[in-house]
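For reference, the structure is listed below as structure tokens.
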């Protein structure tokens, strides 16, 4: 009688790993590990091939000394220390773009500014912890420091080139626009100034979006040698190759293991 694998044997079918949703999830997990390694300063992407970036980052992520350590670290500090945790950058950008397209400029600025703040804080946290600052202290530093210091002395103290002056000013303007909306700091204006105020809001919203795009490009250049898209594409190619040759990370239906597939 032919033996068959039971649902409890811990082996998932090849179709599971070949599913696009699972592949996308695996890509996200891998990229989180790469971000952690590159932004924290543990690896220099410029000195590595795409395959080496992926391999070293994943091996570092799975080191016994790091596994499970996040149980002792909570909140922003824990997320910064280990690269995993709640991330809202994609949703903020998608919704910000949606508000901008609909002419809801103040709401667009609110979300773009929140994206920028999250971006700055995330990099300072991850970089600080990578340089040996205790996670709790790094989180306290971020919470208690004003924006100008974050993008100035603190940024450069983490061995990062200081922001271009125009970009720094754009960041400050976006935050000022956000604060004006959140704290209701503007005053009532005559009817003839209403149209001008709307036009200014639209221009500021567009500037906020461009500032976000500039920071995304800057992150790619600083930490990923301008190759973030290439690295992600390389992961996907390698993932597909392994799935085709091995029938999934746990082996083919004939029982080939990961190590056997790698050997091939």
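Go through (1) surrounded by fewer than 21 Cβ atoms within 10 Å (Cβ to Cβ); (2) closer than 19 Å to residue 213 by Cβ; (3) touching a helix residue (DSSP H, G or I) at 6+ places or on another chain (Cβ under 9 Å); (4) at pLDDT 95 or above one by one and return the number of the condition residue 89 breaks.
Only one criterion in (1) surrounded by fewer than 21 Cβ atoms within 10 Å (Cβ to Cβ); (2) closer than 19 Å to residue 213 by Cβ; (3) touching a helix residue (DSSP H, G or I) at 6+ places or on another chain (Cβ under 9 Å); (4) at pLDDT 95 or above is unmet by residue 89, namely (4).
Out of the stretch 25-53, which residues are free of Cβ contacts under 8 Å to residues at least 60 places away in the same chain and outside any helix (DSSP H, G or I)?
43, 44, 48, 49
From the list 56, 22, which one is farther than 17 Å from residue 131 by Cα, touching a helix residue (DSSP H, G or I) at 6+ places or on another chain (Cβ under 8 Å), modelled with pLDDT under 85 and not in a loop (DSSP other than H, G, I, E, B)?
Of the residues listed, the single one that is farther than 17 Å from residue 131 by Cα, touching a helix residue (DSSP H, G or I) at 6+ places or on another chain (Cβ under 8 Å), modelled with pLDDT under 85 and not in a loop (DSSP other than H, G, I, E, B) is 22.
I'm trying to understand the selection: among the residues of the stretch 113-133, which are loosely packed, with under 14 Cβ neighbours inside 10 Å and free of Cβ contacts under 8 Å to residues at least 40 places away in the same chain?
132
Identify all residues within the stretch 134-156 that are within 16 Å of residue 39 (Cα to Cα) and surrounded by fewer than 13 Cβ atoms within 10 Å (Cβ to Cβ); write none if there are none.
156
If a residue must be assigned to a helix (DSSP H, G or I), modelled with pLDDT of 95 or more and over 28 Å from residue 175 (Cα atoms), how many such residues does the stretch 212-233 contain?
Of the residues in the stretch 212-233, 3 are assigned to a helix (DSSP H, G or I), modelled with pLDDT of 95 or more and over 28 Å from residue 175 (Cα atoms).
Against the condition in a helix (DSSP H, G or I) and more than 30 Å from residue 200 (Cα to Cα), how does residue 175 come out, does it pass?
It is false that residue 175 is in a helix (DSSP H, G or I) and more than 30 Å from residue 200 (Cα to Cα).
The values are calculated or read from the model by the stated rules, or taken from the named source; none is laboratory data. Since we're looking at a predicted model, the values are computed, not measured. So basically every Cβ, Gly included, is an ideal-geometry build from the backbone, and we count neighbours across all protein chains shown.
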